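**Q** Below you'll find the structure I mean.
The values are calculated or read from the model by the stated rules, or taken from the named source; none is laboratory data. It should be emphasised that the depicted structure is a prediction, and the values quoted were computed from it without experimental measurement. Positions of Cβ are generated from backbone atoms using ideal geometry, with glycine treated the same way; all protein chains shown enter the neighbour counts.
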Amino acid sequence: MNFIRIARISRTQGLQGAVRVERILDDDRVMESGRRVQMMAGGHEQTVEIEFFRKQHGRFVMKFRGIDSIEDAEKIIGAELRIAEEELPPAEEGAFYTFHLRGCRVYAIKTDGEEYIGEVTDVLVGGTPILQVGSGKQETLIPFAETMVRKIDLAGRRIEVNLPDGLRELNR
């Protein structure tokens, strides 16, 4: 079974066992009350049930059934939350989950044809997501922006990009 990371517990929130989380997967549907998720903390894995999830003053707060004190919550700081890939809600029309891009072949489209760049090895998140293509000295970092990404064919595992001159050399 393939698991997808959805959040990381960053600190406690209050005295009743709630915690703040940093979302990794930006989809509130996977944080619904009653959902069972896998919690990885210190090499130990357990299934926990989400009691509630809410946004509070720009932060994300979550509580798990059975974790009812600040002392219990302190034990899970740093834990990662995961769900099975098959439990993910379907992506919205025209959208996809970024982890689906891993393994796609990337081609730079040029006026005289196309050039194979490599396979997506990771999607780095931050301001603008970055496609990490290839590895080592052959690694190219491509901003995941409309001006760069021309076409995505998930079924065909293919991504077409418009690379500005010098981008590949900049990455070496």
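**Q** Check residue 86 against each of (1) modelled with pLDDT under 95; (2) in a strand (DSSP E or B) and name the one condition it does not meet.
**A** Tallying (1) modelled with pLDDT under 95; (2) in a strand (DSSP E or B), residue 86 fails exactly one: (2).
**Q** Please pick out the residue among 56, 13, 46, 38 that is loosely packed, with under 12 Cβ neighbours inside 10 Å and either at positive phi or not acidic (Asp, Glu) (or both).
**A** Details: 13 fails: loosely packed, with under 12 Cβ neighbours inside 10 Å; 46 fails: loosely packed, with under 12 Cβ neighbours inside 10 Å; 38 fails: loosely packed, with under 12 Cβ neighbours inside 10 Å.
From the options 56, 13, 46, 38, the qualifying one is 56.
**Q** For region 140-157, does any single residue satisfy the condition of being of a type in the set (Ser, Thr, Tyr) and modelled with pLDDT under 85? Give the steps one after another, and end with the answer.
**A** Going residue by residue through region 140-157, those that are of a type in the set (Ser, Thr, Tyr) are 140, 147.
Checking the rest, the ones that are also modelled with pLDDT under 85 come to none.
Scanning region 140-157, I find no residue that is of a type in the set (Ser, Thr, Tyr) and modelled with pLDDT under 85, so the answer is no.
**Q** Determine, yes or no, whether residue 49 is over 17 Å from the mean Cα position of the chain (by Cα) and part of a strand (DSSP E or B). Show your work before the answer.
**A** Working: over 17 Å from the mean Cα position of the chain (by Cα): yes; part of a strand (DSSP E or B): yes.
Yes: the conditions hold for residue 49.
**Q** Which residue, of 123, 133, 149, 106, is touching a residue at least 40 places away in the same chain (Cβ under 8 Å), within 25 Å of residue 4 (Cβ to Cβ), not polar (S, T, N, Q) and not assigned by TED's automatic domain parsing to the domain that holds residue 24?
**A** Numbers: 123 fails: touching a residue at least 40 places away in the same chain (Cβ under 8 Å); 133 fails: touching a residue at least 40 places away in the same chain (Cβ under 8 Å); 149 fails: touching a residue at least 40 places away in the same chain (Cβ under 8 Å).
So the residue among 123, 133, 149, 106 that is touching a residue at least 40 places away in the same chain (Cβ under 8 Å), within 25 Å of residue 4 (Cβ to Cβ), not polar (S, T, N, Q) and not assigned by TED's automatic domain parsing to the domain that holds residue 24 is 106.
**Q** A further question on this structure: Restricting to region 109-134, and then to whatever is among the polar types (S, T, N, Q) and in contact with a strand residue (DSSP E or B) (Cβ under 6 Å, 6 or more places away or on another chain), can you tell me which residue is nearest to residue 161 (Cα to Cα)? Give the derivation first.
**A** To start, the set of residues in region 109-134 that are among the polar types (S, T, N, Q) comprises 111, 121, 128, 132.
Restricting the remaining residues to those that are in contact with a strand residue (DSSP E or B) (Cβ under 6 Å, 6 or more places away or on another chain) gives 121, 128, 132.
Numbers: 121: 16, 128: 16, 132: 13 Å.
Ranking the qualifying residues of region 109-134, first place goes to 132.
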